[in-house]
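Undergrad: Here you go, one structure.
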Amino acid sequence: MHNMEIRYPEADLHCHTTASDGLLTPWELVRNAADLKLKAIGITDHDTISGWDEAEKAGRIFGVDIIKGVELNTDWSGVEVHILGYEIDPRKTVLQEKLRELREARQIRIFKMIKKLQELGIPISKSEVEEGSRGESIGRPHIAQILVEKGIVRSQGEAFDRFLVPGAPAFVPRMKITPEEGIRLIRQGGGVAVLAHPGIHSVEKGLPQWVKAGLQGIEVSHSEHSPAQEIKYKELAKKYGLLMTGGSDFHGEDRKPGVSLGKWGTSYNVVEELKKLAQMQHV
Ligand SMILES: [Zn+2]
Ligand SMILES: [Zn+2]
């Protein structure tokens, strides 16, 4: 019989904050991690590193080791593949520059969609959407919200279906990078490249080519992995000589119910391995 006692890992290497789509500020996240007696957490916001500074300040105060990370959204012939980068060298700016470029491209894309809506005769302006985003990274949900507020559609879902999904009249595709590009960017930035939650879209077929491109780790423990998947990815990690990482993919309990901080993760050894790998690249 299994005993039902939950053993919490020492490190949760996959956490989102308000710097992307998480509900807690970096400060709150680190304080919660300290309450849970986590030794380390990875700050892995989507396509941004803007949560690092606050997290590091909090980490020094609350005694939590902060792993400076990022989660890159990449496209593998229509399949979404997420690449985690850890312990990126802040002195190397290649990744930061690319992130800025992607952010600008995202904004231009949204403006193009607004223009298409205007051409369809819908009264919507850039400034309305920008105001509605309240400083968050601007996206399709902000357009959808304005369409709801104006009574043009009844729900955000309807706004997406009628106007904002591929094939709909106001859709503009986003600028995408491939998994290989994501891996290279992280490596050029001095970081360790890790395949995030391979089980969500079962993307393990890509492993040989990604290892060739410089992939160094694979996320084995994750809130959306089944025990059978964990076993499978452990075996693949051994086969390809990859570091086994883990994390909850915490976004705040209200955003992802049941996904608690620190419930998935790794031992502190893995943190040390990550640091060692990164140090060899910080030259
Ligand atoms: Zn992800
Ligand atoms: Zn994530």
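The values are calculated or read from the model by the stated rules, or taken from the named source; none is laboratory data. Note that the coordinates shown come from a computational prediction; the quantities given were computed from them, not determined experimentally. Quick reminder, even Gly has a Cβ in these numbers, built from the backbone with ideal geometry, and neighbours come from all protein chains shown.
Undergrad: Report, by residue number, each residue of region 253-266 that is crowded, with 20+ Cβ neighbours inside 10 Å and either out of contact with any helix residue (DSSP H, G or I) (no Cβ under 8 Å at 6 or more places or on another chain) or not in a loop (DSSP other than H, G, I, E, B) (or both).
TA: TRP264, GLY265, THR266
Undergrad: So which residues in region 183-232 are assigned to a helix (DSSP H, G or I), within 16 Å of ligand 1 (Cβ to nearest atom) and touching a Gly at 6+ places or on another chain (Cβ under 8 Å), if there are any at all?
TA: ILE183, ILE186, GLN229
Undergrad: Right, next: Quick check on my filter: what residues within region 209-244 are hydroxyl-bearing (Ser, Thr, Tyr), buried (at least 22 other Cβ atoms within 10 Å of the Cβ) and within 27 Å of GLN188 (Cβ to Cβ)? First the steps, then the outcome.
TA: So in region 209-244, the residues hydroxyl-bearing (Ser, Thr, Tyr) come out as 221, 223, 226, 233, 240.
From what is left, the residues that are buried (at least 22 other Cβ atoms within 10 Å of the Cβ) are 221, 233.
TYR233 - this is the single residue of region 209-244 that is hydroxyl-bearing (Ser, Thr, Tyr), buried (at least 22 other Cβ atoms within 10 Å of the Cβ) and within 27 Å of GLN188 (Cβ to Cβ).
Undergrad: Would you be able to tell me the number of residues in region 4-22 that are surrounded by fewer than 24 Cβ atoms within 10 Å (Cβ to Cβ), in contact (Cβ under 8 Å) with a residue 40 or more places away in the chain and more than 14 Å from ligand 2 (Cβ to nearest atom)?
TA: Residues flagged as surrounded by fewer than 24 Cβ atoms within 10 Å (Cβ to Cβ), in contact (Cβ under 8 Å) with a residue 40 or more places away in the chain and more than 14 Å from ligand 2 (Cβ to nearest atom) within region 4-22 amount to 4.
Undergrad: Restricting attention to helices (runs of 4 or more DSSP H) lying wholly within region 77-170, give those where 2 or more residues are small (Gly, Ala, Ser).
TA: Ranges flagged: 126-133, 156-159.
Undergrad: Taking region 46-66, which residues are modelled with pLDDT of 95 or more and within 16 Å of ligand 1 (Cβ to nearest atom)?
TA: Result: GLY51, single match.
Undergrad: Show the residue pairs that are 6+ apart or on different chains and have beta-carbon atoms under 8 Å apart, the first residue being within region 181-205 and more than 30 Å from PRO227 (Cβ to Cβ), the second being of a type in the set (A, V, I, L, M, F, W, C) and in a helix (DSSP H, G or I).
TA: ARG184/ALA213; LEU185/VAL94; LEU185/LEU95; GLN188/VAL94; GLN188/LEU95; GLY189/VAL94; GLY189/LEU95; GLY190/ALA278
Undergrad: Is it fair to say ALA278 is surrounded by fewer than 17 Cβ atoms within 10 Å (Cβ to Cβ) and over 30 Å from ILE108 (Cα atoms)? Steps first, answer last, please.
TA: Numbers: surrounded by fewer than 17 Cβ atoms within 10 Å (Cβ to Cβ): no; over 30 Å from ILE108 (Cα atoms): yes.
In short, no.
Undergrad: Still on this structure: Among SER125, SER137, which is the only one that is within 16 Å of ligand 2 (Cβ to nearest atom) and either modelled with pLDDT under 95 or over 18 Å from the mean Cα position of the chain (by Cα) (or both)?
TA: SER137
Undergrad: Something else: Quick test for you: out of LEU120, LEU164, LEU195, pick the one residue that is outside the structural domain of GLY247 (by TED's automatic domain parsing) and buried (at least 18 other Cβ atoms within 10 Å of the Cβ).
TA: Exactly one residue qualifies, and that residue is LEU164.
Undergrad: Can you confirm whether region 82-96 contains a residue that is under 14 Å from the mean Cα position of the chain (by Cα), touching a residue at least 12 places away in the same chain (Cβ under 8 Å) and surrounded by fewer than 23 Cβ atoms within 10 Å (Cβ to Cβ)?
TA: Of region 82-96, the ones under 14 Å from the mean Cα position of the chain (by Cα) are 82-86.
Now restrict to residues that are touching a residue at least 12 places away in the same chain (Cβ under 8 Å): 82-86.
With surrounded by fewer than 23 Cβ atoms within 10 Å (Cβ to Cβ) added as a condition, the list becomes none.
No: region 82-96 contains no residue that is under 14 Å from the mean Cα position of the chain (by Cα), touching a residue at least 12 places away in the same chain (Cβ under 8 Å) and surrounded by fewer than 23 Cβ atoms within 10 Å (Cβ to Cβ).
Undergrad: Just one of GLY206, GLY167, GLY247 is away from ligand 2 (no atom under 16 Å from the Cβ), touching a Phe, Trp or Tyr at 6+ places or on another chain (Cβ under 7 Å) and among the small types (Gly, Ala, Ser); which is it?
TA: Criteria check complete, one pass: GLY206.
Undergrad: Hey, another quick one. Among what's in region 23-47 and is within 14 Å of ligand 2 (Cβ to nearest atom) and in contact with a strand residue (DSSP E or B) (Cβ under 7 Å, 6 or more places away or on another chain), pick the residue that is farthest from PRO257 (Cα to Cα).
TA: By that ranking, first place goes to ASP47.
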